[in-house]
Amino acid sequence: MHFANNNRMQVVASYPDAKTAHEDIPEPARTFLQQAFDTLHAPDAAAVMAGSAVDGMLKKYGLTEGSLYARIDEALKQSLLTEGMATWAHSVRLGSNRPRHADEVRPHVSPDEAKQSVEFAEALGNFLFVLTARIDRGIKAAEEAEKSPPP
């Protein structure tokens, strides 16, 4: 920080850096994930946005029929998700349902539950889209390098 002419502090950097949804995650899932990052201070909102991000990611793989619960199970059957990922996805889905449907017994999500939901949505985006895109770019770079004449 430094002081400007009017003696007010100007923020020039913040630590840690704010989380940003990776550009390889397709829309609308990327925007939902970014909103989940941005609303972690409001756990119910973060959990709902994380659930929407997961929903958007599965839809990008053509899983559009039925409930989110059924689509998570279908993603497992198609080997898009591991057993552990599917179990975690169901817990994220259930967490986002409570505030969205104003559950009478437990309407709110705790900060820890919201954090878990957002972490899962980020991990799923990294697994389904970011890692895949990185691998594709790596393969393309290796192929280009093979075509280049030696120095």
Given the conditions (1) modelled with pLDDT of 95 or more; (2) under 15 Å from the mean Cα position of the chain (by Cα), every one holds for E113 apart from (1)
- request: Determine if region 108-120 includes at least one residue that is of a type in the set (A, V, I, L, M) and in a helix (DSSP H, G or I).
  value: yes
Of the residues in region 121-151, those that are open to solvent by less than 90 Å² (accessible area, probe 1.4 Å) and outside any helix (DSSP H, G or I) come to S148
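For (1) surrounded by fewer than 16 Cβ atoms within 10 Å (Cβ to Cβ); (2) part of a loop (DSSP other than H, G, I, E, B), each residue gets a yes or a no:
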residue	(1), (2)
D24	no, yes
Q35	no, no
S52	no, no
G62	yes, yes
R93	no, no
R106	yes, yes
Within region 1-26, restricting to residues that are under 27 Å from H108 (Cα atoms) and at pLDDT 90 or above, the one that is nearest to the chain's Cα centre (by Cα) is A21
Condition set modelled with pLDDT of 90 or more, part of a helix (DSSP H, G or I) and of a type in the set (A, V, I, L, M, F, W, C), scope region 66-91, selection surrounded by the most Cβ atoms within 10 Å (Cβ to Cβ): answer is I72
Checked region 37-50 for anything aliphatic (A, V, I, L, M) and either in a helix (DSSP H, G or I) or open to solvent by 40 Å² or more (accessible area, probe 1.4 Å) (or both); matches are L40, A45, A46, A47, V48, M49, A50
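The values are calculated or read from the model by the stated rules, or taken from the named source; none is laboratory data. The structure presented is a predicted model; accordingly, all values stated were derived computationally and were not measured. FYI the Cβ positions are ideal-geometry reconstructions off the backbone, even for glycines, and counts take in every protein chain you see. When the accessible area is computed, the model is the full protein with side chains, heavy atoms only, and any ligands, DNA or RNA have been set aside. Shrake-Rupley method; radii C 1.70, N 1.55, O 1.52, S 1.80 Å.
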